[in-house]
1. Has segment 4-15 got any residue that is of a type outside the set (Val, Ile, Thr), surrounded by 10 or more Cβ atoms within 10 Å (Cβ to Cβ) and not in a helix (DSSP H, G or I)?
2. Pull up segment 16-27, narrow it to residues that are surrounded by 10 or more Cβ atoms within 10 Å (Cβ to Cβ) and of a type outside the set (Gly, Ala, Ser), then point me to the one that is modelled with the highest pLDDT.
3. Please name all residue pairs, on different chains or six or more residues apart, with Cβ atoms under 7 Å, provided the first residue is in segment 18-34 and is free of Cβ contacts under 8 Å to residues at least 12 places away in the same chain and the second residue is surrounded by 10 or more Cβ atoms within 10 Å (Cβ to Cβ).
4. Please work out which one of (1) under 13 Å from the mean Cα position of the chain (by Cα); (2) modelled with pLDDT of 90 or more is the condition residue 44 fails and give its number.
Amino acid sequence: MGLGGLVFQALKTVFGNVEVMLAILSFFVSYSLIFTALGVYQRTKE
C-alpha cells in the first residue's frame, strides 16, 4: 500500500465516522464565524 492508500485509509476512517465528521465540520464553521464577526467588528470600529 502506497502513501496515497494510507491517506485514503485514514480519511475513510475519520470521515466514515459521521459523529467525528460533524464535530470537525461544526468546529470549522464556528471558527470561521468567530473570525468573520471579529473582522466586521474591527471594520466598523475604525
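1. Start the filter on segment 4-15 by keeping residues that are of a type outside the set (Val, Ile, Thr), which leaves 4-6, 8-12, 15.
So of that shortlist, the ones also surrounded by 10 or more Cβ atoms within 10 Å (Cβ to Cβ) come out as 6, 8-12, 15.
Right, trim to not in a helix (DSSP H, G or I) and you get none.
Checked against the condition, which is being of a type outside the set (Val, Ile, Thr), surrounded by 10 or more Cβ atoms within 10 Å (Cβ to Cβ) and not in a helix (DSSP H, G or I), segment 4-15 yields no hits at all.
2. For segment 16-27, the residue satisfying everything is 27.
3. Close Cβ pairs (under 7 Å, with a partner that is surrounded by 10 or more Cβ atoms within 10 Å (Cβ to Cβ)) amount to 20/14; 21/15.
4. (1)
The values are calculated or read from the model by the stated rules, or taken from the named source; none is laboratory data. For clarity, every value in this text was computed on a predicted model and none was experimentally measured. When we count neighbours, we look across all protein chains shown, and the Cβ atoms used for this are built from the backbone with ideal geometry, even at glycine.
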